[in-house]
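Computed from the coordinates by the stated procedures, all read-outs in this text should not be read as laboratory data. No experiment lies behind these values; they were computed from the predicted model shown. Note that each Cβ is placed from the backbone with ideal geometry, even for glycine, and that neighbours are counted across all protein chains shown.
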Amino acid sequence: MRFVIGYGLLGHVVFVAIIILGVVVGNILYFNIVKDRISSKRYVSFSIGMILNIIICLLLDIAAQYLLYKTFLRYLTNAIDTVVSSFIDLIKLQYILAWFIIPIALVFIYYAILSVLAYMKEYQAWVEWNKKYGDGDEVIDSDPNNKKKKGFFSSIIPAFKKKELKYELKVNDSELSDIPYTEPLKLMKCSKLSQKGVLQIGKTDKGYVMVVNNKDHEDKLKGLIEKFHSVNDITAKMPYIAFFSENELTVDNIKDYGRKILKERRAKK
């Protein structure tokens with residue numbers, strides 16, 4: 001274990017720093033891949049990313065410990081460890097606790113409690129939203145007081161309740177129209193209609209298609225996909241065409257998409 005946690009004080013500091021780095025990277029992966037999304041592909045991608053994150057951090061730590069204590073740098077490292085250890089020995093433990101550890105621990109506990117309360121409030125709002133707009137699978141209780149109790153307890157055990165609630169990608173039938181997504185020239189007309197404020201969204205065999213050339217329409221698209229995909233994936237400039245479902249999102253500039261369609265047709269000939 002020494003080659004992982006380090007042979008001295010500096011090695012321990014490097015080990016803790018790499019653990020913090022791994023946690024930060026894991027956080028980034030979680031919020032960018034799976035947060036508020038239910039696609040199984042995203043959970044698989046997150047799991048693979050976390051495994052690679054752990055392996056890379058472990059290799060990085062081993063390499064750092066080897067560099068610090070097994071190469072010519074060990075003389076400098078040992079000197080720093082000796083100086084710092086001697087300085088720590090001069091300070092009594094109770095002073096360290098009083099000046100540093102106890103205040104930091106109290107601040108940590110304070111913000112941890114605030115975080116838990118904020119999460120409970122946010123999750124309760126999420127549950128209420130799902131009851132209003134979700135699938136309607138919730139159990140209805142005739143006793144309103146009992147219903148409030150269930151809402152409270154469901155908010156403090158989210159790990160079990162949240163799995164029962166699912167998002168569904170659904171567009172109102174009244175908003176749907178026929179989008180000629182296989183006809184590049186006709187899509188230009190849809191683009192002009194979108195620019196004028198006429199919503200251009202329709203169904204495909206795998207999900208939905210939308211022609212976007214209007215900021216309000218782009219906000220509409222982001223609202224539809226935000227629970228399944230990252231809105232940052234929409235990088236094409238308007239006007240663009242978006243194919244989307246619960247599991248897939250493809251966005252192309254109208255002109256680029258038209259060139260692809262024409263190229264595929266020529267290849268078939």
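Here are some notes:
- Computed from label points 7 Å out along Cα-Cβ, the spacing between S230 and T82 is 4.9 nm.
- Put simply, when 202-215, 247-260 are sorted by average Cβ atoms within 10 angstrom per residue, most first, you get 202-215, 247-260.
- A Förster radius of 30 Å combined with the Cβ-Cβ distance from K260 to E175 puts the calculated FRET efficiency at roughly 0.70.
- Pairs exceeding a 32 Å alpha-carbon distance, out of K41/K186; K41/K192; K196/K227; K41/K260: K41/K186; K41/K192.
- The three principal axes of the Cα atoms in the range 173-268 give end-to-end lengths of 38, 29, 26 Å, sorted in falling order.
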